[in-house]
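Chemist: I have a structure I would like to understand better, so I am pasting it below and will then ask my questions one at a time.
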Amino acid sequence: MFIPPRAVLLTVLFSGLSLCGADVAMKVTDSGYLNTQGFSVILYNSTYHPIFVDQKNTAMEMILHGQRIATNGDVRLMPTPEQWDLVAQLKGRQADKENNRLTANLSFPDFQVDYRLEVAAEPGGVRVSINLDKPLPEKLAGRAGFNLEFLPSIYIGKTYSVDGRVFGVFPLSPQGQMIKALPPADEPKKLPYQQEWDEAKGYTQPLPFASGRSVTMSVDDPLSRIRITSETGPISLYDGRNRSQNGWFVLRTLIPAGKTDGAVVWHIRPDVIPNWTRPPMVAHSQAGYAPDFPKVAVMELDPRFNAPKTARVLRLADDGSYRQAFEGPLSEPTPWLRYTYAKFDFSSVKDPGLYAIEYAGQRTGLFPIAKDVYSKTWQSSLDGFLAVEMDHVSVREGYRLWHGVSHLDDARQAPPNTRHFDGYSLGPDLNSPFKPGEHIPGLNAGGWFDAGDYDNIANSQYSVIQDLSLAYTAFNLKWDELAVDENARTVEMHRPDGVPDAVQQVKHGILLVLAQIKAVGHPFLGIIEPNLREYTHLGDAASQTDGRIYSPKLGPLEVDGNFSGIPDDRWAFTTKSAGLQYGAAASLAAAARVLKGWDDALAKECLDTAVKLWEDEHAHPTPSQMGAFGGPGRGGEPDWTATLELLIATNGAGPYKQRVQEFFPTMLQRIGNGGWAAVRALPYLDAGYKTQLGAAVKTYVAQLDKDLSATPFGVPPSMGTWGGSAAVADLGIRMYFLHKAFPDIVGTDYTLRAANYLLGTHPVSSTSYVSSVGTSSKVKAYGNNRADNTFIPGGVIPGYIVIKPDFPECIDDFGFLWFEDEYVISDAARWILAANAADAIVR
């Protein structure tokens with residue numbers, strides 16, 4: 001009998017609906033969240049970010065079948081709020097184990113609204129309620145509602161059902177209608193940059209694309225299927241991507257006027273697969289392993305999973321068949337956070353070839369065993385990612401123009417007493433000869449975009465210059481695949497020009513540092529967009545501004561040669577501080593050694609300027625100011641790195657040698673925080689200093705081993721707001737140079753573990769954190785091309801974070817979470833150094 005396709009679809013959908021909520025019994029855990037096998041609900045274990053506000057990992061969150069499917073469950077004043085829109089203030093939270101209930105006490109003080117958000121276990125799932133202390137103010141009627149946001153990458157292409165009668169598919173791109181939604185005249189004042197942004201965008205909000213009393217998400221997929229039913233007002237389904245590419249799908253019920261207790265009540269029923277356990281994850285290096293060095297995969301296991309005790313290594317033969325090369329035991333699983341971890345050591349496999357690991361019915365992707373596995377892991381970071389990030393030039397790759405010549409109109413003097421939305425700050429003293437808003441000539445030279453945005457933050461620039469300089473001198477980096485013409489402002493990828501790429505990149509960074517000093521007399525904090533409209537720009541960097549210098553004499557649509565009446569020029573935050581003075585001096589001194597023989601005049605200028613900065617700062621100390629991501633230099637002392645680099649650049653000159661000797665006792669206590677670099681000073685010091693340093697390193701290694709043994713991957717864990725791949729790369733670099741100086745104290749395993757971690761041996765998934773490097777790598781990331789859901793070759797992501805209290809997360813197929821996915825130039829440069837260290841060890 002022929003059954004029409006629509007009938008088949010409806011049969012499947014309705015049969016799926018009947019399963020939601022079956023046999024789900026939630027209980028509050030010792031960690032303070034509601035949990036059952038396959039489903040967890042977290043309530044305000046994290047809070048909104050103090051600077052960036054909404055980072056999509058707070059309020060009410062739901063984890064279903066090992067994926068965080070929803071976040072930001074709370075009262076909001078818009079259907080699809082954006083990053084800087086108003087959020088409630090958390091006053092307190094409670095986890096009631098006796099009644100299996102989570103409670104958060106919250107407030108909108110500007111509107112005198114106080115309420116209680118409760119999530120309580122009930123048969124089949126949870127009951128969510130909003131309970132106000134007093135009825136909603138009239139001005140918030142029709143505006144305040146309970147929102148819950150769902151991850152697009154999970155639901156795109158999946159079906160939804162509303163009241164069992166309306167069905168649809170979550171679209172790949174936003175398709176909903178928008179309407180004008182002007183705020184009331186008596187609305188509390190926002191910060192000026194927020195107000196300006198709202199006006200520039202035009203006060204629009206999307207209309208819902210579905211609405212009803214009951215919504216089932218992902219009807220066709222039991223792994224993400226969940227039903228939400230409202231016993232108060234209707235639930236509306238919105239697409240937050242209509243307002244911004246990083247938006248999520250939003251379910252929302254308005255709070256009715258006149259109600260207090262139970263103003264909004266939802267019943268959430270997950271379709272938990274009976275006895276579900278998370279499949280094992282085999283973490284291994286996607287770039288492979290060297291024959292004569294350790295090879296250890298880490299199995300991430302659900303504690304309820306009946307884990308096999310052995311795993312196999314298979315070798316790919318020429319005919320496409322797989323043959324067993326090794327079978328061996330796993331270590332006893334040990335708990336860490338939500339999962340348990342077992343190690344699989346297959347170091348005895350040494351023959352070159354292509355291999356896969358087979359475990360519990362799964363087979364990994366292929367990886368090589370070869371002597372040169374690390375030798376091709378860093379080039380994309382140098383001539384791919386860092387090239388794309390080069391400011392004030394155009395960057396071309398074959399037929400593709402990554403971006404045109406950017407920010408030729410840099411920059412205008414930032415106004416005094418300014419606290420910028422990205423964390424930059426400027427006090428009452430401009431430390432500049434220019435007036436607020438005045439054009440500062442000469443700043444349209446060199447430098448890199450900092451990260452997934454386009455600013456030139458000083459500390460990142462310094463870090464890249466110093467790390468590339470060290471990589472070039474330590475590992476003789478003569479790789480040449482870029483053609484760079486600073487005079488023509490052009491960069492061509494895959495076009496060798498006879499100059500090593502590391503030299504050209506260092507030069508490009510130094511040009512911006514020198515330009516700042518020449519323009520205002522000192523290095524300063526950085527250059528950044530003046531408003532949120534430009535700050536959120538995604539696309540060609542050359543179109544972020546008009547490239548013409550702003551002139552107040554011209555009208556908004558007038559152009560006169562290189563001048564225009566559009567005030568879109570970026571701001572220069574001309575803060576002067578000891579940290580910035582010494583950071584620039586360190587960078588200039590390091591660059592001088594790299595540039596020598598390639599551009600001797602510039603090398604001399606760099607060294608002369610570094611000496612002057614160091615001498616001036618010692619003679620007339622500048623009060624250190626904490627700006628955006630600023631502070632003391634490496635080693636915890638502002639002038640440590642500058643002094644060290646000058647010592648090396650001057651071949652042990654007296655003033656720097658004396659200052660290094662003064663620093664030495666302090667650095668012996670700070671081996672893990674920049675003090676390790678004291679090994680670079682040893683050739684210029686008496687033998688006794690090496691003895692002292694060796695004793696300190698021995699003590700440090702003993703404590704380090706103890707600290708690292710507490711984690712299953714043997715590297716620093718990522719427990720902060722931002723993923724920790726940079727800290728792991730730093731471990732690899734640090735231990736390489738300590739190993740070179742003290743091979744009897746420091747082994748090679750630290751550096752290789754660090755490299756393998758970035759290349760796939762880490763929690764959650766085995767995806768390489770270095771885009772385009774390894775068999776499987778991160779190909780949806782938070783670069784400045786993230787609107788296209790893609791990547792930049794060689795970019796390095798921060799990696800997993802812990803969604804508090806115990807859920808490690810790094811989502812492979814979603815690139816809009818900056819704390820997991822954002823490329824940063826300093827991380828790429830650090831990886832170049834760490835990868836070369838690993839390569840040097842295995843070679």
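Chemist: Checking residue 779 against (1) out of contact with any strand residue (DSSP E or B) (no Cβ under 8 Å at 6 or more places or on another chain); (2) in contact (Cβ under 8 Å) with a residue 40 or more places away in the chain, which single condition isn't satisfied?
Modeler: Result: residue 779 fails condition (2) only.
Chemist: If I ask for residues that are touching a residue at least 60 places away in the same chain (Cβ under 8 Å), polar (S, T, N, Q) and not in a helix (DSSP H, G or I), which ones from the stretch 520-559 would you list?
Modeler: Passing the criteria: 531, 536, 544, 545.
Chemist: Taking the stated definitions as given, is residue 595 modelled with pLDDT of 95 or more, within 34 Å of the chain's Cα centre (by Cα) and closer than 14 Å to residue 678 by Cα?
Modeler: The answer is no for residue 595.
Chemist: Looking at residue 779, is it over 13 Å from the mean Cα position of the chain (by Cα), outside any helix (DSSP H, G or I), surrounded by fewer than 22 Cβ atoms within 10 Å (Cβ to Cβ) and of a type in the set (Val, Ile, Thr)?
Modeler: Answer is yes for this residue.
Chemist: Let me ask something else about it. What are the pairs, 6+ residues apart or on separate chains, where a residue within the stretch 568-584 that is of a type in the set (Asp, Glu) has its Cβ under 6 Å from a residue that is assigned to a strand (DSSP E or B)?
Modeler: Every condition considered, the pairs that remain are 569/412; 569/550.
Chemist: With the requirement that a residue be open to solvent by less than 40 Å² (accessible area, probe 1.4 Å) and without any contact (Cβ under 8 Å) to a residue 40 or more places away in the chain, what does the stretch 672-687 give you?
Modeler: The answer is 678, 681, 685.
Chemist: Another one. So residue 268 clears everything in (1) closer than 30 Å to residue 235 by Cα; (2) part of a loop (DSSP other than H, G, I, E, B) except one condition, right? Which one?
Modeler: Status for residue 268: all satisfied but (2).
Chemist: In this structure, does residue 229 turn out to be surrounded by fewer than 23 Cβ atoms within 10 Å (Cβ to Cβ), touching a strand residue (DSSP E or B) at 6+ places or on another chain (Cβ under 8 Å), of a type outside the set (Lys, Arg) and part of a strand (DSSP E or B)?
Modeler: yes
Chemist: Would you say residue 186 is charged (D, E, K, R), at pLDDT 95 or above and loosely packed, with under 15 Cβ neighbours inside 10 Å?
Modeler: no
Chemist: Looking for something outside any strand (DSSP E or B) and closer than 29 Å to residue 812 by Cα - is there at least one such residue anywhere in the stretch 163-170?
Modeler: Yes, some residue in the stretch 163-170 is outside any strand (DSSP E or B) and closer than 29 Å to residue 812 by Cα.
Chemist: Considering (1) open to solvent by 10 Å² or more (accessible area, probe 1.4 Å); (2) assigned to a loop (DSSP other than H, G, I, E, B), say which one residue 756 fails and leave the rest.
Modeler: Only one criterion in (1) open to solvent by 10 Å² or more (accessible area, probe 1.4 Å); (2) assigned to a loop (DSSP other than H, G, I, E, B) is unmet by residue 756, namely (2).
Chemist: Quick check, is residue 126 over 21 Å from residue 209 (Cα atoms), open to solvent by less than 50 Å² (accessible area, probe 1.4 Å) and either of a type in the set (Lys, Arg) or at pLDDT 95 or above (or both)?
Modeler: Yes; evaluated as a whole, the condition is true for this residue.
Chemist: OK, next. Report the residue count in the stretch 37-48 for those that are over 16 Å from residue 225 (Cα atoms) and either of a type in the set (Ser, Thr, Tyr) or not in a loop (DSSP other than H, G, I, E, B) (or both).
Modeler: 6
Chemist: Cβ-Cβ distance below 7 Å, separation of 6 or more or different chains: which pairs start in the stretch 177-189 with a residue that is charged (D, E, K, R) and end on one that is in a loop (DSSP other than H, G, I, E, B)?
Modeler: 180/203
Chemist: Same structure again: Got a sec? Which of 832, 841, 811 is assigned to a helix (DSSP H, G or I) and either at pLDDT below 95 or open to solvent by 10 Å² or more (accessible area, probe 1.4 Å) (or both)?
Modeler: Of 832, 841, 811, the one residue that is assigned to a helix (DSSP H, G or I) and either at pLDDT below 95 or open to solvent by 10 Å² or more (accessible area, probe 1.4 Å) (or both) is 841.
Chemist: Let me ask something else. In the list 530, 552, 567, 523, which residue meets the criterion of being open to solvent by 20 Å² or more (accessible area, probe 1.4 Å) and within 33 Å of the chain's Cα centre (by Cα)?
Modeler: Testing whether each residue is open to solvent by 20 Å² or more (accessible area, probe 1.4 Å) and within 33 Å of the chain's Cα centre (by Cα) leaves just 567.
Chemist: Would you pick out the residues in the stretch 403-416 that are of a type outside the set (Asp, Glu), in a loop (DSSP other than H, G, I, E, B) and within 29 Å of the chain's Cα centre (by Cα)?
Modeler: 404, 405, 406, 407, 408, 411, 414
Chemist: Can you tell me which condition residue 424 does not meet? The list is (1) of a type in the set (Phe, Trp, Tyr); (2) surrounded by fewer than 18 Cβ atoms within 10 Å (Cβ to Cβ); (3) within 19 Å of the chain's Cα centre (by Cα), and all the others hold.
Modeler: Of everything listed in (1) of a type in the set (Phe, Trp, Tyr); (2) surrounded by fewer than 18 Cβ atoms within 10 Å (Cβ to Cβ); (3) within 19 Å of the chain's Cα centre (by Cα), residue 424 misses just condition (2).
Chemist: Turning to a different aspect of this structure: Which residue, of 335, 308, 291, is open to solvent by 40 Å² or more (accessible area, probe 1.4 Å), part of a loop (DSSP other than H, G, I, E, B) and out of contact with any Leu (no Cβ under 7 Å at 6 or more places or on another chain)?
Modeler: 308
Chemist: Take the conditions outside any strand (DSSP E or B) and under 32 Å from the mean Cα position of the chain (by Cα) and apply them to residue 256. Does it pass?
Modeler: In short, no.
Chemist: Oh, and also: Residue check: is residue 275 of a type in the set (S, T, N, Q) and more than 27 Å from the chain's Cα centre (by Cα)?
Modeler: Yes; evaluated as a whole, the condition is true for this residue.
Chemist: Another one. Inspect all residues belonging to the stretch 789-796 and state whether any of them is in a loop (DSSP other than H, G, I, E, B), touching a Leu at 6+ places or on another chain (Cβ under 6 Å) and open to solvent by 10 Å² or more (accessible area, probe 1.4 Å).
Modeler: no
Chemist: Does residue 655 satisfy the condition of being in contact with a Lys or Arg (Cβ under 9 Å, 6 or more places away or on another chain) and either surrounded by fewer than 20 Cβ atoms within 10 Å (Cβ to Cβ) or touching a residue at least 24 places away in the same chain (Cβ under 8 Å) (or both)?
Modeler: Taking the combined requirement at face value, the residue does not satisfy it.
Chemist: Residue by residue through the stretch 43-91, note down the ones that are surrounded by fewer than 23 Cβ atoms within 10 Å (Cβ to Cβ), in contact with a Gly (Cβ under 6 Å, 6 or more places away or on another chain) and of a type outside the set (Val, Ile, Thr).
Modeler: 65
Chemist: For the stretch 171-182, how many residues meet the condition of being closer than 30 Å to residue 195 by Cα and either of a type outside the set (Gly, Ala, Ser) or assigned to a strand (DSSP E or B) (or both)?
Modeler: 7
Chemist: Could you grab me the full set of residues in the stretch 709-727 that are touching a residue at least 60 places away in the same chain (Cβ under 8 Å) and β-branched (Val, Ile, Thr)?
Modeler: 711, 721
Chemist: While we're here: Kindly check whether there is at least one residue in the stretch 141-149 that is touching a residue at least 24 places away in the same chain (Cβ under 8 Å), within 28 Å of the chain's Cα centre (by Cα), open to solvent by less than 30 Å² (accessible area, probe 1.4 Å) and more than 28 Å from residue 221 (Cα to Cα).
Modeler: Looking for residues that are touching a residue at least 24 places away in the same chain (Cβ under 8 Å), within 28 Å of the chain's Cα centre (by Cα), open to solvent by less than 30 Å² (accessible area, probe 1.4 Å) and more than 28 Å from residue 221 (Cα to Cα), one finds none in the stretch 141-149, hence no.
Chemist: When you look at residue 706, is it free of Cβ contacts under 8 Å to residues at least 12 places away in the same chain and at negative phi, yes or no?
Modeler: yes
Chemist: So, in the stretch 560-613, how many residues would count as being assigned to a loop (DSSP other than H, G, I, E, B) and within 16 Å of residue 457 (Cβ to Cβ)?
Modeler: 5
The values are calculated or read from the model by the stated rules, or taken from the named source; none is laboratory data. Here the structure is a predicted model, which means the values were calculated and not measured. With ideal geometry, Cβ positions are generated from the backbone for all residues, glycine too; neighbour counts draw on all protein chains shown. Accessible surface is based on the protein model in full, side chains and every heavy atom, while ligands, DNA and RNA are left aside. Shrake-Rupley method; radii C 1.70, N 1.55, O 1.52, S 1.80 Å.
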